[in-house]
Every structure is written in C-alpha cells, then in structure tokens.
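Q: Please find one structure pasted underneath; my questions will follow.
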Number of protein chains: 2
Amino acid sequence: MPDPTTQEPAPEDPRPGTAAPAHSAADIAAAWQRERPGTPTDSIEVVTPIWWLGKLFADDRARVLREAGIDAATLDLLSVLRRSGPPYALSTRELARRTLVTAGAISQRVARAERDDLVHRSGSPAGGRTVLVTLTPAGHALIERSVDAVLGREATLVAGLTPTERTTLTTLLAKLTTDVRHRTQP
Amino acid sequence: MPDPTTQEPAPEDPRPGTAAPAHSAADIAAAWQRERPGTPTDSIEVVTPIWWLGKLFADDRARVLREAGIDAATLDLLSVLRRSGPPYALSTRELARRTLVTAGAISQRVARAERDDLVHRSGSPAGGRTVLVTLTPAGHALIERSVDAVLGREATLVAGLTPTERTTLTTLLAKLTTDVRHRTQP
DNA sequence: TGCGTTATGTTTAGGTCTAAACATCGCAAC
DNA sequence: GTTGCGATGTTTAGACCTAAACATAACGCA
C-alpha cells in the first residue's frame, strides 16, 4: 500500500517493514498517515517549511557573519541600536522588547558587547533604574560594515522570487502571523 | 522627512532624533532606509516574518508539550522513530540526517531519552559500528499521546488560511526553499 | 598480516538561551 | 514617613546545541 512519494534515494537494503526516508514536508505528512491514519497533519506543510527556511537563513547568516567577525546575537543587538537613530541608545527593557529575547539574555548580550567595547552602559540619565545602552564608535563601525554584507547576501537568496510572488508570500506570511499571534497571545 | 508607517503607539516622550519603535518587518526596512538610505532591505519582509513565525510556533509548541511532559527535542526524536514504522529503530547517523541536528546532539538526546526509559540502544545487529536506537513501550506510549496534541493544536493555528491560500503559501515556501538550498549548499 | 582510509558514535569545551531568584528604585496610599 | 507594589536589571542554574577531539570498527589493498 505505501506508495510514498519520496525524493530521497531508496535505502540500500529495504528491509520489510522499514519505511522510506522522509525529507520533505509532504513526505512527513504521508508517513504519519501511513503509520497512523487519522493523524491531524494539516499544518505540517506550512509549519515545517517555515522552520527549515528559518534554519537555512540562520545557518547562512552565521557563515557570512563569521567572516565579518561578529555573531548573530551581537548583530541583532547592534542593529536595533543603529536603527533607532541618534543618539543610538536604548534601555535594556526596550532592547528586549525589540529583539524577542528575555531581559536576562539582553543583560548577557550587553555584557559581552561591552567587554568587546562595542557598547557601553550609562547610568540612567532619565529617571528610574533604567540603564541606557549606547553604541560606541567601534560598535557603530562594526554594524556599519556588517549590515550590508548580511542584507546583501540575503537579497540574493530571495532573488529567485518574482516581485508578484514576493508580494503574495509577504501578504500570506503577514496574515498567518496575525492569526497565530491572535490565537496564542490572549 | 521621516513619515514611518508604524503600528506601534508613539513613544511617550518623542525626543528629537529618536526614531519610532519598529515592530513589523516593514517598519524595520523603513527604519533602515531612514537611518541608512540605500541599505539593501529587499529581503527583510520575507526573512523576518519567517523567523518570527518560527519562534511563535516553537513557543506555542513548547507550551503544549510542557503539559504533555515532554520537550521539543525529545518529541522530535520519538516522532522520527515512530514515523519510520516497525521495528521503530534507526541508527544515530540516520536520526541526525532526519532531524537536522548534528550526530553529537543526537547522542545526547538519546542519552537523555534512554535515562527516561523512552528508547534503548541496541548493539549493532546489522554490520558495522552502527548503534540502533529503538522505541521502548513507554516511548511509544508517550509519542502516541503527544503527537495528536501538538499537531491538533497547530492545525488550529493555520486554520485561518483558506485552502487556496494554504496551497499558494506552501508552493511559494517550497520554491523559496529550493532556491535557498541551491544557493547555499553548493 | 599490517596499515591507512572512511564511516560511525561519543565526549568535551564553549556558547547562548530561558526561567526563576534576587536586588533596587520610584511612587502611591495612607 | 513608611509600607507595599510594580517596573527594571542582573545573576544563576539548567538545558541544549555546535564544533572539534577522540575512539572504534569495517574495508581495501599491498
């Protein structure tokens, strides 16, 4: 019965009872249906490619950044500060909000970046207990020469999509993001 | 000049020179253009939503799994074994190939799962130095009651897309994946 | 038989993240 | 004033991953 549409080469020794390898989202869904009929596999062909693409982009970005002498976490930190405009300073809280990691992670990121003289903490000029994290000249220089490398590279990765396809994809991703946020946050 | 299309509330104290917060991919691209005209921002509206969606799905899955008493790494391991069909046994190498993590990570995942009596290692029945990792009855029972919870939940998260939209999205993601693989692997 | 090569697993060092425990600071109610 | 609460940062314990160093085991071949 199993007539799986695989794209992988068949195993050298197809022992009876051994399923074929699955390496596309469709294969994974088919394998569940074969082994466990009725499994709710509707989401697999949407969720799985999104994860795989995220990993592909992340791995490629890591490769590019290694040559630039910076890691993804630091790039994220410096980017947010650079994009915020003069005076290139944000509180820990605000950095956490804009980077999707916890305040504790920001604290550690800032500690590493401060050790490398890319940012410095300044005791709160404005009220409260807030600490302002500011880009140093070295940090500004590093992000300046990293961002074009990273974004330029990623532009080539998505260049295979036509403008129409890209617009459609962006729209659908935005809709899905709204849906998921709506169903998970409240 | 800056007429940023933000969806966030304006900062309480808009000091001069301070950019508005950016919390959509379009806002991020606009912020780069405002602060650094000419930055190649073409990819941002594709790559960023993919990462954010990946994180939304991962966080939600972690929530569901916490109640089921299993973590995402273990779910991944047991799922691959369960989907492979009887006799629910695969080598370390093959597990690494199907889960997108390194062989070292598999070694550790298997060690944890073995400690919890979810799988057991069997000395190579077939040739070589290969170690077969096999699902135990407890592991089989755990994956059986976890997979419906996870996939059922995710089905509701993508239920807002019409069948047509879902097909279009799947197609575009597949095309992008092919492109990116082609440009990064060789 | 002896040796080098290749494939496979495991271990270890280092890095990063989250969750939770702590530590402050400002402020409001009284 | 002072007591308590809420917001903000930092620290720490635990989890998990990668890369690289180590082990073995099977093979090919002289």
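The values are calculated or read from the model by the stated rules, or taken from the named source; none is laboratory data. If you're wondering where the values come from, they're calculated on a predicted model, not measured in any experiment. FYI the Cβ positions are ideal-geometry reconstructions off the backbone, even for glycines, and counts take in every protein chain you see.
Q: Kindly indicate whether A:R121 is basic (K, R) and not in a helix (DSSP H, G or I).
A: yes
Q: Go through (1) over 30 Å from A:S79 (Cβ atoms); (2) not assigned by TED's automatic domain parsing to the domain that holds B:H120 one by one and return the number of the condition B:K55 breaks.
A: Status for B:K55: all satisfied but (1).
Q: To continue, here is another question. A:S79 passes all but one of (1) touching a residue at least 24 places away in the same chain (Cβ under 8 Å); (2) surrounded by fewer than 18 Cβ atoms within 10 Å (Cβ to Cβ); which number fails?
A: The single condition A:S79 does not satisfy is (2).
Residue by residue, here is whether (1) more than 10 Å from every other protein chain (Cβ to nearest Cβ); (2) under 20 Å from the mean Cα position of the chain (by Cα); (3) modelled with pLDDT under 90 holds:
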{"residue": "B:A126", "(1), (2), (3)": "no, no, yes"}
{"residue": "B:T134", "(1), (2), (3)": "yes, no, no"}
{"residue": "B:L142", "(1), (2), (3)": "yes, no, no"}
{"residue": "B:V158", "(1), (2), (3)": "no, yes, no"}
{"residue": "B:T168", "(1), (2), (3)": "no, no, no"}
{"residue": "B:T171", "(1), (2), (3)": "no, yes, no"}
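Q: Taking only the range B:26-39 into account, find how many residues are within 20 Å of A:T168 (Cα to Cα) and facing chain A (nearest Cβ under 8 Å).
A: Of the residues in the range B:26-39, 1 are within 20 Å of A:T168 (Cα to Cα) and facing chain A (nearest Cβ under 8 Å).
Q: Okay, next question. May I ask you to verify whether B:T99 is β-branched (V, I, T), over 23 Å from B:L169 (Cβ atoms) and at the interface with chain A (Cβ under 7 Å from one of its Cβ atoms)?
A: In short, no.
Q: If you don't mind, there's one more thing I want to ask. When the range B:86-104 is examined, which residues are found to be within 9 Å of DNA strand C (Cβ to nearest atom) and touching a residue at least 12 places away in the same chain (Cβ under 8 Å)?
A: Hits for the range B:86-104 are B:L90, B:S91, B:T92, B:R93, B:L95.
Q: If you don't mind, there's one more thing I want to ask. Contact list please: Cβ distance under 6 Å, first residue in the range A:175-186 and under 15 Å from B:A58 (Cβ atoms) and at pLDDT 90 or above, second residue part of a helix (DSSP H, G or I) and of a type outside the set (D, E, K, R), pairs at least six apart or on different chains.
A: Listed pairs, sorted by first residue: A:T177/B:P49; A:T177/B:L53; A:V180/B:L56; A:V180/B:L157.
Q: Can you find, within the range A:108-124, the residue that is surrounded by the most Cβ atoms within 10 Å (Cβ to Cβ) among those that are at pLDDT 90 or above and near DNA strand C (Cβ under 8 Å from one of its atoms)?
A: That would be A:R109.
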